[in-house]
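Step one of this worksheet: look at the structure below.
The values are calculated or read from the model by the stated rules, or taken from the named source; none is laboratory data. All figures in this text were calculated on a predicted structure; none of them were measured in a lab. Counting neighbours? That spans all protein chains shown, and the Cβs are built from the backbone with ideal geometry, glycine included.
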Amino acid sequence: MLRDKKERLISRLGAILSPEALLSREEELKPYECDGISVYRQLPLLVLLPERVEQVQAILRLCQQEQVAVVARGAGTGLSGGAMPVEGAVVLSLAKFNRIISVNQANRTAVVEPGVRNLAISEAVDHLGFYYAPDPSSQIACSIGGNVAENSGGVHCLKYGLTVHNVQGLKILTMDGELIELGGAALDGPGYDLLALMHGSEGLLGVIVEITVKLLPKPEMARVVLAVFDDVERAGQAVADIIAAGIVPAGLEMMDHLAIKAAEAFAHAGYPCDAQAIVLCEIDGTEEGVQDFIVSVEQVFEAAGAVQIRASANEAERLQLWAGRKAAFPAVGRLAPDYYCMDGTIPKRALAGVLRQIGKWSEEFSLPVANVFHAGDGNMHPLILYDANKPGELERTEAFGAKILELCVQSGGSITGEHGVGIEKLDSMCLQFGALELTQFFAVKDAFDPDCLLNPGKAVPTLHRCAELGRMHVHDGQLPHPELERF
Ligand SMILES: Cc1cc2nc3c(=O)[nH]c(=O)nc-3n(C[C@H](O)[C@H](O)[C@H](O)COP(=O)(O)OP(=O)(O)OC[C@H]3O[C@@H](n4cnc5c(N)ncnc54)[C@H](O)[C@@H]3O)c2cc1C
C-alpha cells in the first residue's frame, strides 16, 4: 500500500522537482530518519528538496490531494524529534532556501529564506555594525526557519528576547498551498497575533518560506565575569541575586561540576575543574556602563559566597570563557555513549531546590547528570548520561527525565524552554495542560490544517493519550512534590 503510494508520488513529483531534488532510495533517506535526538527514528517515504516557493506550493497541494503527511525540516538539529518523519510522511527539506534576500539598514531588518543558518545572518550584516541577537548554541548549523518553528533561545535571549521577539514578519504556506503574510516591515499589526502563534508551532500549522528578522546594533563592548562556587545551591542563589539586584545581564549561565570538567577537557576555557559550579555573567553596552555593572556583578557574587571571581580583560578572554559553555553539549557527549538532554524551565527561586532533587534522583536511578543551563531564564538542561546498549537503561533514563519535567511543572515552570515538544515530550504536555487548553490547541490546528497532514502526531497529545496515562494538569497545586513545599 505504502509502496504504491510512493510510486504514485514519485511519478507525480517528477513534474515539480528535478530528479536530484527527490530522494527515494533507502541509503538516501537514512540521514533524514531522525533529528538531533537520535533514539527516535523513522525512515521517511521520500525526501524532497525544493528551491522555489512555487515548488513548495505544488508539493503541498499534491500531498493534500494524496493525503500524505509532510514534515518540514531545517538543519535537523532539533532536540525533541520535531523533524523526525512519521510513518508514511515525506520530509520537506528547506535546506536549499539559503539566501539572504535583502538587508534594510534604515528599518534594521533583514529578509531571509528559512534555510539560512542562524549565524550566517550575523556574519552577513557584521560589516554594517549589526547582528541578529538570538544565539542557540547550535547557531553554526541550525536554520532560522527551525528557530522560528521552535521559538529558539540562547545565551543572549535573557536580555534580547527569544526568536519571537526578534522576528517582525513571516511568509508561510498553509497545507493547501496558500501563501499567508504575517507582520512585515512595520511593528504591531492589528488582529490576532498570528505572527507570534507561528513561533513554536513546530511545523504543525504551516511551512515557513520567508522571515523578516530584526537586527540590532552591535554593542560597543562586552565583558564576562566568571564566578566559581564550591556549592551548587549557592551558585543557584547567586543567579537569583543578580536578577534581584536589578542587573540585566546579556547572558547568565551556570554549569555544575560534571559539566565543568567535561567542558574544560574539551575546550580549555580556563574553568577550575574542582569547582562544584560556575556562573558566567556577561554585561554589554557602552564602555562606561559595562565597567560600572561589572563592579556590581562582582559585588553580588562575592556576597553570594563565590570562592573565585574573574572578569575577562579583553575580547579574546571573553570568547575563551564562553567557549567552554558553548561546547558543553558535545563535551558532555564524550563522557558516555549517550546522553539525554532535558529542557525545562523553572522560576529562578526554585533553582537550588530543583538542582538538589535532581542530584538525589541521579543517585537513585544510578545515572550521572551534568547540568548546563541558561540560568538567568530559569531554563535548565540536565544532561542524563546513559548507554542505550545496556538493556533497560534508555527506559530508566526516560523515566528519570519525565520526573525532572514533572518537577519543573510542579515548581511553576514548564516542560520546555526552547527545544520544543516534538515527539519526545508529548506525555509531559499532559502534565502541563488540562483538557480545556488542549482542546483549544486542537481548534487552532484544525483552523490551519483540518486534515492533520502537517507534522502529525507531534507537539500536542490527544486527550485519549493523556487519559490513558492518567496524568493531567498538576501545576495548580495538586500533588505538590515534598521538595517544593518550601518554595
Ligand atoms: C548541540 C546543540 C545545541 C543546541 N542548543 C540550543 C540552544 O541553545 N537553544 C535552542 O533553542 N535550541 C538549541 N538546540 C536545538 C536546535 O538547534 C533548535 O531547536 C533549532 O531551532 C532547530 O533548528 P533546525 O533548523 O535544526 O530545525 P529542525 O531540527 O530541522 O526542525 C525543528 C522543527 O522545526 C520545524 N521546521 C523546520 N523548518 C521549518 C520551516 N521552514 N517551516 C515550518 N517548520 C519548520 C520542523 O518540522 C521541526 O518540528 C541545540 C541543538 C544541538 C544539537
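In table form, for the structure just shown:
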item	result
Candidates ALA336, ALA323, ALA269 - the one that is of a type in the set (Gly, Ala, Ser) and not in a loop (DSSP other than H, G, I, E, B)	ALA323
Lone unmet requirement of (1) within 20 Å of SER137 (Cβ to Cβ); (2) crowded, with 24+ Cβ neighbours inside 10 Å; (3) more than 8 Å from the ligand (Cβ to nearest atom) for GLY74	(3)
Pairs, first at positive phi in the stretch 99-118, second of a type in the set (A, V, I, L, M), C-beta under 8 Å, six or more apart	ARG108/LEU215; ARG108/LEU216
Answer residue from the stretch 100-120, given it is among the small types (Gly, Ala, Ser) and part of a loop (DSSP other than H, G, I, E, B) and is nearest to the ligand (Cβ to nearest atom) among those	GLY115
Residue ID - nearest to ALA72 (Cα to Cα), chosen from residues in the stretch 430-443 that are surrounded by 15 or more Cβ atoms within 10 Å (Cβ to Cβ) and in contact with a Ser or Thr (Cβ under 9 Å, 6 or more places away or on another chain)	LEU438
Leading residue by the ranking (modelled with the lowest pLDDT) among those in the stretch 409-427 that are closer than 15 Å to VAL354 by Cβ and surrounded by 20 or more Cβ atoms within 10 Å (Cβ to Cβ)	GLY417
Residue match in the stretch 158-180 (condition: of a type in the set (D, E, K, R), over 30 Å from ASP451 (Cα atoms), within 13 Å of the ligand (Cβ to nearest atom) and not in a helix (DSSP H, G or I))	no
From VAL116, VAL103, residue being surrounded by fewer than 20 Cβ atoms within 10 Å (Cβ to Cβ) and more than 20 Å from GLU20 (Cα to Cα)	VAL103
Flag if GLU233 is buried (at least 16 other Cβ atoms within 10 Å of the Cβ), at positive phi and touching a Lys or Arg at 6+ places or on another chain (Cβ under 8 Å)	no
Test: residue in the stretch 122-136 that is under 19 Å from the mean Cα position of the chain (by Cα), modelled with pLDDT under 95 and either crowded, with 24+ Cβ neighbours inside 10 Å or in a loop (DSSP other than H, G, I, E, B) (or both)	yes
